[in-house]
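In what follows, a single structure is set out as structure tokens and then discussed.
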Amino acid sequence: MLSKPDWLRISHTNSSNVTLTSELIKDLGLNTVCDEASCPNRSECFSNKTATFMILGKNCTRECTFCNVKYGTPTPVDEREPNNIADAIKTLGLKYVVITSVTRDDLLDEGANQFAYVVNEIHMSTPDVRIELLIPDLSANNITIITKTNPHVIGHNIETVKSLYSRIRPEAIYNRSLNVLSNIKHSNSKIFTKSGLMLGLGESHDEILKTFDDLLNVGCDFLTVGQYLSPSKNHYPVQKYITPDMFNEYADIARKKGFRYVASAPLVRSSYKAHEFLTNS
């Protein structure tokens, strides 16, 4: 097992806001990807009264080897969830919110209508809030259900290079993920698209650059690049720790290739400081 380098050591933040955010999420019966995916930035984001809400339950219908979100039998769709999320946003005084979900292959609409209900509820409750969604690899028709609600950003993470999909995302297809981003643009060209890539899984330098090109070819606007950290000994092991200097180099390359905004650093995750993408694009 590789030793974790110093630049990946995290200083946890303790503040009243961390407690406030945690208790509010619990009281409203909501889930966050911050907790379920064991995000390393959880305490920092909670201290700033921000969180990435995860809808459609805690159990995912897929079992990716990199992900800490629980695989299991999905729970019924909670009709109160859109209203509860809108209440949390208003209470926390958020100006920018990120909504994601588990993958729900069991549902005919793949969860698209719940995304739409959440977005519409936020629009009605707090119309000045900017909304970013991070969606699974939905079909084109179900993507249209979501794009009609006019969120500001819709992301879908490519996660890794094409050659590693069978090991990292065995139930996903690389080209299908690219098509998700393309379908968002075709459905509503006013929406910014976003994707994220993990490094340290065994990908080559050339494969990383090819993935950048593939994302740009389907109109992807925003890119995040971060270090893969294995959630447990039962998950896919880290193959390499990428240096901060190398992350900076990939950021420069991606910007020169044409992405509107890039965040690239070891602890960058797809929704980390998400508001900066719209502000700086």
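A short reminder: the numbers here are calculations on the coordinates, not readings from a lab. All values derive from a computational prediction rather than experimental measurement. We place every Cβ from the backbone using ideal geometry, glycine too, and count neighbours over all the protein chains shown.
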*Would you tally the residues in the stretch 78-100 being within 19 Å of the chain's Cα centre (by Cα), more than 22 Å from THR61 (Cα to Cα) and not in a helix (DSSP H, G or I)?*
4
_For THR160, only one of the following conditions fails: (1) in contact with a strand residue (DSSP E or B) (Cβ under 7 Å, 6 or more places away or on another chain); (2) within 25 Å of TYR117 (Cα to Cα). What is its number?_
(2)
*Count, please, the residues in the stretch 156-171 that happen to be of a type outside the set (Lys, Arg), closer than 19 Å to GLY226 by Cβ, in a helix (DSSP H, G or I) and in contact (Cβ under 8 Å) with a residue 12 or more places away in the chain.*
2
*Kindly indicate whether LYS257 is surrounded by fewer than 20 Cβ atoms within 10 Å (Cβ to Cβ) and out of contact with any Phe, Trp or Tyr (no Cβ under 8 Å at 6 or more places or on another chain).*
no
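With respect to ASP109, is the statement that it is over 22 Å from TYR272 (Cα atoms) and over 17 Å from the mean Cα position of the chain (by Cα) true? If you could, list the steps in order and put the result at the bottom.
Working: over 22 Å from TYR272 (Cα atoms): yes; over 17 Å from the mean Cα position of the chain (by Cα): yes.
It is true that ASP109 is over 22 Å from TYR272 (Cα atoms) and over 17 Å from the mean Cα position of the chain (by Cα).
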*Out of SER166, SER264, SER195, SER271, report the one residue that is polar (S, T, N, Q) and either out of contact with any helix residue (DSSP H, G or I) (no Cβ under 9 Å at 6 or more places or on another chain) or surrounded by fewer than 21 Cβ atoms within 10 Å (Cβ to Cβ) (or both).*
SER166
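Look through THR103, THR149, THR75 and report the one residue that is crowded, with 22+ Cβ neighbours inside 10 Å, of a type outside the set (Phe, Trp, Tyr) and assigned to a loop (DSSP other than H, G, I, E, B). So that I can check it myself, show each step before the final result.
Values: THR149 fails: crowded, with 22+ Cβ neighbours inside 10 Å; THR75 fails: crowded, with 22+ Cβ neighbours inside 10 Å.
After applying the criteria, what remains is THR103.
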